[in-house]
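The values are calculated or read from the model by the stated rules, or taken from the named source; none is laboratory data. Quick caveat, the model's predicted, so the values are computed rather than measured. All Cβ positions, even for glycine, are placed from backbone atoms using ideal geometry, and neighbour counts span all protein chains on display.
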Amino acid sequence: MTDDLSTRVNARSRLALPLLVAVIALMVAGGAFWASYRNSTKLATAQEHAAVASTPDPAIEQMKQTLASLQQAVQGIQADQQRQAERVGDIQQKTSAQQGEQKLISDQLGALSARVNSLESARAESPAPAPQAAPAPQRRTKR
């Protein structure tokens, strides 16, 4: 019986060793296959991205052109705003200068009006001078 038991154990161990080697070989082959598949998938994905990036999409080109034209329009509007701001500044300066001149003229007119009023009141207060007789015209004699 012991012989029988030992022969079975030996038979099992002889069968187990090739089976273990086969399992390990399958695992190594599976790992290599998985790594190869993973690398090829990454490579394919990278190639797809490169292909997508290299082929210009007409919609993207149109959007770029539209964006460029909008940027130019905005720059034009900003330049117009700058010119308008300069014009408004010039107009404000001229208006301020005109207001200063009008105030000066108004002050001068007020002073002149006060002088006229004082002359009129001085004239009204002074007695009317007697009218002087106009001297008779002298006749010229002939010589």
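For residue 108, the test of being at pLDDT 90 or above and over 50 Å from the mean Cα position of the chain (by Cα) is passed. Based on this model, can you work out whether residue 42 counts as modelled with pLDDT of 80 or more, surrounded by 10 or more Cβ atoms within 10 Å (Cβ to Cβ) and under 56 Å from the mean Cα position of the chain (by Cα)? Considered against the rule, which asks whether it is modelled with pLDDT of 80 or more, surrounded by 10 or more Cβ atoms within 10 Å (Cβ to Cβ) and under 56 Å from the mean Cα position of the chain (by Cα), residue 42 comes out as no.
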